[in-house]
1. For segment 170-185, state whether one or more residues are more than 23 Å from the chain's Cα centre (by Cα) and either within 26 Å of residue 368 (Cα to Cα) or buried (at least 16 other Cβ atoms within 10 Å of the Cβ) (or both).
2. Given the criteria of a type in the set (D, E, K, R) and touching a Lys or Arg at 6+ places or on another chain (Cβ under 6 Å), does residue 190 qualify?
3. Strands (runs of 3 or more DSSP E) wholly in segment 369-461 with at least 3 residues that are more than 22 Å from residue 268 (Cβ to Cβ) - which ones?
4. Report, by residue number, each residue of segment 100-128 that is of a type in the set (Gly, Ala, Ser) and within 12 Å of residue 337 (Cα to Cα).
5. Could you tell me whether segment 435-443 includes any residue that is at pLDDT below 95, under 20 Å from residue 58 (Cβ atoms), of a type outside the set (Val, Ile, Thr) and surrounded by 16 or more Cβ atoms within 10 Å (Cβ to Cβ)?
6. In segment 329-347, how many are assigned to a loop (DSSP other than H, G, I, E, B) and under 22 Å from the mean Cα position of the chain (by Cα)?
7. Please tell me if residue 263 is of a type in the set (Ser, Thr, Tyr) and assigned to a helix (DSSP H, G or I).
8. Out of all the residues in segment 50-71, is one or more in a loop (DSSP other than H, G, I, E, B), among the charged types (D, E, K, R) and surrounded by fewer than 18 Cβ atoms within 10 Å (Cβ to Cβ)?
Amino acid sequence: METRPAAGHNRHLAHEAEVDKVHHLHPWEDLLNWRQSDRYMVSHGEGIYLNDADGRRLIDGPAGMWAVQIGYGRQDMAQAIAEQVMELPYASPWTTTSSPAASLSEKIASLAPAGLNNVMFTTGGSTAVDTALRTMHFLNNRLGRPDKKIILAREKGYHGSTYLAASVTGKERDKSCFDFEERLVHFLPDVNPYIRPDGMTMAQWCDAKVGDLETAIAEVGAHRIGAFIAEPILCSGGVVIPPEGYHRRTLEICRKHDILYISDEVVTGFGRLGHWFASEEVFGIEPDIITCAKGLTSGYLPLGACIISDRVMERMTGPDHEVLFPNGYTYSAHPVCCAAALKNIEIFESEGVLNHVLAVAPQFQDRLAQLGKSPIIGDVRGMGLLGCVEGLLDAGRKTPLETQRNMGAMLDAACEKRGLIVRPLINMCVFSPPLIITPAEIDQMFDIMEDALKEVETAFT
């Protein structure tokens, strides 16, 4: 149902949209259309819906940016934030601590795998990854191994936008003019089962991908490799789910060669797969370090965390070690952000959000699978409340390859007209709705996608 705002409110938002084009430099801005690209001018949100300047109500398919787990418009969250603002809006993490920070660190440690009990708060996912990688550098300097610094990462992986986090990101860089620290990273080939050769089984693909890690260690040298960073599911790379057993086997290899295993759970942490963390509960591994953000506060305020195992901390510390651990941020352990995270976790627990995800995920995945019947879709994949549709790319088809590559944007536009926001990625669309989505809303979302796909199909005939 559409709710039309007052005319004066409309005029104000229209003015703000024009001002935004002139002054606001957005993330991942397309400089070819500098100051011309249009974005949704969002006025407010409620539940799984966003309302734009024209009064349209749209399902937020990506949950903001994989983040708004508990949905929009939570008065209890607003109240918790307001109370903490009035009580203590800021505390220096260098000289003081606060009750929200202390309580949240204890709570996160209780939710993480048993051996991970040490939490350093950061400003978001990128800085959490930076902290994890710098921890590896610090550890190996501490142990007298200054050459053991190279990071193994994966093609299609995404780990952030700071210099170090971007350097270990394996997504396509063909349109980037940024520099990357290439001396510190070695990428493993794409792990996506969709690209495996015809006739290769999933077990054989897993063997080959584990073999990629072993080959990299042999080529680079274990004495030079400090860490392997891996998302349980490569979300921004297109919801790529490695083959069963891959995570466990790669962790075992890392342990054998004293290579830290960093699990980047910025997306999969806090409920996306129906568990607080996916590493142990879903994939059966206990990493050395876990990074998280996004769902930690359900996007209500920015906060990240780097969770370090006791094993790593014991090797970093000791009576003979007087060097500081010089890592942190002005807004580390921000008391208001920590209070928001505590309230977010409380809502998860009191409303049974994790059990809800486990209950509705089969319906979500079943409806996702049905999208694969479209003649322009090559693969559909997902887990929990994560999904991706990938269009066929074939240079031999009548449809121009460039049009095929634009399928994600075309599907996004077709969905948007019908009241659904999805996230286009070249020839793919990914979606990860708020975790509170109901069965009826799941059907509504996929009904829109099915109808939008029929429209897009006409461009491929």
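The values are calculated or read from the model by the stated rules, or taken from the named source; none is laboratory data. Note that the structure is predicted; figures quoted are calculated from it, not measured. Because the Cβ atoms are built from the backbone with ideal geometry, glycine has one as well, and the counts that use them run over all protein chains shown.
1. no
2. yes
3. Because the criterion is at least 3 residues that are more than 22 Å from residue 268 (Cβ to Cβ), no strands (runs of 3 or more DSSP E) in segment 369-461 meet it.
4. First pass over segment 100-128, keeping only residues of a type in the set (Gly, Ala, Ser): 101-103, 105, 109-110, 112, 114-115, 124-126, 128.
Within segment 100-128, 101, 124 qualify.
5. No, segment 435-443 contains no residue that is at pLDDT below 95, under 20 Å from residue 58 (Cβ atoms), of a type outside the set (Val, Ile, Thr) and surrounded by 16 or more Cβ atoms within 10 Å (Cβ to Cβ).
6. Taking segment 329-347 as the starting set, the residues that turn out to be assigned to a loop (DSSP other than H, G, I, E, B) are 329-334.
Subset that is under 22 Å from the mean Cα position of the chain (by Cα): 329, 331-334.
Number of matching residues: 5.
7. no
8. Yes.
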